[in-house]
1. Rank by packing, highest mean first: peptides 197-204, 82-89, 252-259, 7-14, with packing defined as the count of other Cβ atoms within 10 Å averaged across residues.
2. So for the pair residue 69, residue 303, with labels modelled 7 Å out along Cα→Cβ, what separation do we get in nm?
3. Using 1/(1 + (r/R0)^6) with R0 = 25 angstrom and r between the beta carbons of residue 165 and residue 328, what's the FRET efficiency to the nearest 0.05?
4. Just to be sure I understand: with springs between alpha-carbon atoms less than 10 Å apart, which residue in 169, 151, 302 has the highest mean-square fluctuation in the Gaussian network model of the chain?
5. Once both labels are modelled 7 Å past Cα along the beta-carbon direction, what's the residue 25-residue 62 spacing in nm?
6. For segment 113-338, rounded, prolate or oblate, judged on the Cα gyration tensor with a ≥ b ≥ c (square roots of eigenvalues), a/c < 1.5 rounded, else prolate if a/b > b/c?
7. Say we join alpha carbon atoms closer than 10 Å with springs in a Gaussian network model of the chain; which of 81, 120, 250 then has the biggest fluctuation?
8. Based on DSSP, what percent of beta bridges with both residues in the chain are antiparallel, to the nearest 5?
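Derivation of every value follows stated rules applied to the coordinates shown; laboratory data play no part. No experiment lies behind these values; they were computed from the predicted model shown. Every residue, glycine among them, receives a Cβ derived from its backbone with ideal geometry; neighbour counts consider all protein chains shown.
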Ligand code: PHE
């Protein structure tokens, strides 16, 4: 077979093969078969050119180049066409229907009832000019007890069965957030005494026998106010305002004299709640006017300054708000409980 016939046959065969190509992979195969330098059909055909000579060789060479160019273009076009098809297929397959309702949008996570209650209280407190502070859960005996007028061996320590750190008797997991009282006051009195209004919620720990109303880990919301001429009216007013914010209605409260070494006078505040069995007085929080010794520890002259402080169990308040009967639900991770809020 002469060169001309042969190369035209190769061209025809190549175009035919190209026509049948339906994927990038098969395109590569055909390309290899015809264009491979070593044993491709075109290279093989070109070898026949060396049998020709003179003018004919030149014309045929030109023709061969044209054919090669034509075939290369055909390959490039086929490649483009395949890519376009491929992209269109991806577009089809991975299309996002923006009008479709998301399944996950119907089940988003939400805020834990304790956190909801906490945020509500913080909001009201901020509205009354209180800043909200965070404090350490692991703290020294000084801030948790000593600075609050509770020296070692004081019987008041028995009411808060505290977790101490092994081999470090001066360190414990705080049994109340009152560990923030003197710490905060010192911050404010550092450069001359200034009035303070601060709330400091947080987690506290006690070695409690666990039952429906006692947990070893729970939350307290405490606040203090130091200023000139602070009296019990302020104390009750601030507490009532917070309770109103949390419960969304006026709450009836009463004070009963009580004893906490860091306040004088000290009270327990009861509030009237209905757990479904009719209205009842329930003990809600400890409060009082700051003891002069605590004011002094905080850097305030008790002859010039007074303070109020109150600490409430957040779990208990949230339980009262929603009628939750068992404190253990909060940390149960039980969706049947959590989904109700
Ligand atoms: N710290 C007390 C407790 O945990 C509560 C309290 C706070 C009492 C502030 C008086 C003043 O029981």
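1. The packing order, highest mean first, is 197-204, 7-14, 252-259, 82-89.
2. Inter-label distance under the simple model: 11.0 nm.
3. About 0.45, to the nearest 0.05.
4. Of 169, 151, 302, the most mobile in the Gaussian network model is 169.
5. 4.4
6. oblate
7. So, out of 81, 120, 250, the one fluctuating most is 81.
8. Values: 43 of 45 bridges.
Just about 95 percent of them are antiparallel.
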